[in-house]
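Student: Mind having a look at this structure? Questions to follow.
The values are calculated or read from the model by the stated rules, or taken from the named source; none is laboratory data. The structure displayed is predicted, hence computed values, not measured ones. Backbone-built Cβ (ideal geometry, glycine too); neighbour counts: all protein chains shown.
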Amino acid sequence: MVKEKENLLEKVVSLSKRRGFVFPGSEIYGGLANSWDLGHLGNELFNNIASLWWRKFVQERDDMVGLRGPVIMNPKVWEASGHLQSFTDPLVECKICHERFRSDKEDELKEHAQNHLEAEPLSKPLSKEVQPRGSDIWTEPKNFNLLFKTYIGPVEDQQHVAYLRGELAQTMFTDFKTVLETTRKRLPFGIAQIGKAFRNEITTGNFIFRTKEFTIAELEYFVKPGTEDEHYKNWDKLLEKFLIDDLRLVKNKVRRYEHPKEKLAHYSKGTVDLEYEFPFGWGELTGLASRTDFDLKNHEKLSGQNLKYKDPETGEEFLPYVVEPTTGLERLMLAVLINSYDEVEPRSGDEEAVHGKEVVLRLPKMLAPIKIAVLPLSRKEELTKPAYEIYRDLQKHFMCQYDETASIGKRYRRQDEIGTPFCVTFDFDSPKDGKVTVRDRDTMKQERVEVDQLPDHLTEKLNN
């Protein structure tokens with residue numbers, strides 16, 4: 001079973017590179033550890049996931065507004081938020097190979113130590129009695145700050161130090177009063193943002209699951225103190241609904257993990273994660289934290305600005321409490337790819353596929369990078385010219401591809417592999433009856449549709 005899961009990840013990684021979802025970053029120079037580029041299809045899939053999140057949590061709600069903040073902020077922001085003091089991982093170094101690990105990752109430490117015990121020869125002798133966490137293998141743990149440090153201006157000294165943001169939340173806190181003044185929102189309400197964050201992680205890996213540069217979809221939901229538990233439970237349900245009902249992740253592969261009090265982040269009074277069962281194990285997709293008034297209180301203290309909310313009805317002034325749902329979009333994309341990957345018996349009519357399985361990427365229709373593929377049955381001009389005109393017309397409504405290369409079976413197979421929901425085939429009867437054949441990726445059902453009815457017909461199909 002373990003090998004089967006590992007093979008699934010390998011297959012998704014292979015498909016991602018072969019078809020243009022994800023490429024290794026800087027590959028012509030040998031790459032960069034755990035750096036990835038989104039290809040033409042990956043970019044579309046990623047944007048579709050981000051747009052769906054925004055629509056569900058911002059566009060369709062009356063109590064949400066959005067903003068976009070900078071990657072580099074005043075360093076005092078990170079002082080007030082506690083990131084300069086508390087945003088750390090415990091780091092240990094192997095004395096033999098000098099590779100570094102998080103000291104709280106027990107399984108990785110044990111596996112690494114065991115590999116050294118079994119290696120022949122070793123760079124230095126080790127006794128068989130040595131323990132995986134023994135002091136003769138590992139250095140003492142040291143706290144390692146995860147913020148990337150940079151400098152503003154030409155002088156690289158302490159006065160010009162700045163940091164790449166490690167989270168998006170702080171922009172929503174520093175802009176809280178300005179948002180209140182410009183939107184006239186009343187509690188409870190939220191501020192949302194999608195953007196890049198950077199963490200100098202000690203341990204990265206598992207394809208695009210954990211990287212040093214990643215994209216977060218995050219919102220801060222401001223509530224009256226004393227009501228935060230109610231809103232916390234509500235957002236917990238909304239996040240689960242999004243994963244299962246909207247992204248169509250298999251329900252029994254999604255679970256809830258509540259952080260024990262001793263492992264909570266410095267700003268949190270309670271945190272729960274929704275995890276997905278990846279081939280490499282359970283991994284966090286979303287985090288929900290109850291941040292109390294920690295951030296607004298510290299920013300008010302350090303900045304000297306009044307960040308309190310004034311109730312327009314009672315005149316009462318107070319610092320709101322905050323409930324924070326956070327989602328990693330690259331992780332969502334990986335979960336969607338794995339969840340959608342399927343292998344079936346040959347069905348395309350492609351003679352090359354009879355020796356193995358065909359890959360079908362059963363992406364939710366709204367997330368598919370390419371919605372429609374237009375395929376003339378042959379490369380004769382009497383078919384390619386009108387087929388291309390249909391493609392150009394459909395481009396006004398959907399993200400489409402036009403393909404006239406190779407047999408129709410191979411072209412169907414290519415579209416199945418990238419998750420295209422519908423293929424439109426212009427055949428030798430089409431010039432006579434004004435109809436095309438629409439093929440469904442999942443059911444394999446084919447139906448004849450009049451060309452002038454195509455946009456409406458496909459829109460209805462895609463929305464079902």
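Student: Of everything in segment 428-448, what is buried (at least 17 other Cβ atoms within 10 Å of the Cβ), in a strand (DSSP E or B) and not basic (Lys, Arg)? Give them in sequence order.
Tutor: Result: VAL436, THR437, VAL438.
Student: Which one of LEU302, LEU307, LEU288 is in contact with a helix residue (DSSP H, G or I) (Cβ under 6 Å, 6 or more places away or on another chain) and assigned to a loop (DSSP other than H, G, I, E, B)?
Tutor: After applying the criteria, what remains is LEU307.
Student: Is it the case, given these coordinates, that LEU332 is assigned by TED's automatic domain parsing to the domain that holds GLU417, buried (at least 19 other Cβ atoms within 10 Å of the Cβ) and either more than 22 Å from ALA217 (Cβ to Cβ) or touching a residue at least 60 places away in the same chain (Cβ under 8 Å) (or both)?
Tutor: Working: assigned by TED's automatic domain parsing to the domain that holds GLU417: no; buried (at least 19 other Cβ atoms within 10 Å of the Cβ): yes; either more than 22 Å from ALA217 (Cβ to Cβ) or touching a residue at least 60 places away in the same chain (Cβ under 8 Å) (or both): yes.
So LEU332 does not fit the description; no.
Student: Collect the residues in segment 176-209 that are of a type in the set (D, E, K, R) and either within 16 Å of the chain's Cα centre (by Cα) or at pLDDT 95 or above (or both), keeping them in residue-number order.
Tutor: Residues of segment 176-209 of a type in the set (D, E, K, R): 177, 181, 184-186, 196, 199, 201.
Result: LYS196, ARG199.
Student: Which fully enclosed helices (runs of 4 or more DSSP H) of segment 1-92 have 2 or more residues being at pLDDT below 95 and farther than 23 Å from LEU164 by Cβ?
Tutor: Result: 2-19.
Student: Still on this structure, I have one more. Among the residues of segment 417-446, count how many are under 27 Å from VAL359 (Cβ atoms) and either touching a Ser or Thr at 6+ places or on another chain (Cβ under 7 Å) or among the basic types (Lys, Arg) (or both).
Tutor: Residues flagged as under 27 Å from VAL359 (Cβ atoms) and either touching a Ser or Thr at 6+ places or on another chain (Cβ under 7 Å) or among the basic types (Lys, Arg) (or both) within segment 417-446 amount to 9.
Student: Another question about this same structure. Cβ-Cβ distance below 6 Å, separation of 6 or more or different chains: which pairs start in segment 403-427 with a residue that is in contact (Cβ under 8 Å) with a residue 60 or more places away in the chain and end on one that is in a helix (DSSP H, G or I)?
Tutor: Final answer for the pair search is GLU417/ARG19; ILE418/ARG19; ILE418/LEU41.
Student: Can you tell me which residues in segment 372-427 are among the charged types (D, E, K, R) and part of a loop (DSSP other than H, G, I, E, B)?
Tutor: Within segment 372-427, ARG379, LYS380, LYS396, ASP403, GLU404, ASP427 qualify.
Student: Could I ask something else about it? If you take the residues in segment 350-361 that are in a loop (DSSP other than H, G, I, E, B) and farther than 28 Å from ARG392 by Cβ, which one is modelled with the highest pLDDT? Break it down stepwise before answering.
Tutor: Step one: of segment 350-361, the residues in a loop (DSSP other than H, G, I, E, B) are 350, 356-357.
Next, from what is left, pick out any that are farther than 28 Å from ARG392 by Cβ: 356-357.
Values: GLY356: 72, LYS357: 84.
Of everything passing the filter in segment 350-361, LYS357 is modelled with the highest pLDDT.
Student: From LYS385, LYS396, LYS371, LYS357, which residue is basic (Lys, Arg) and touching a Leu at 6+ places or on another chain (Cβ under 8 Å)?
Tutor: LYS371
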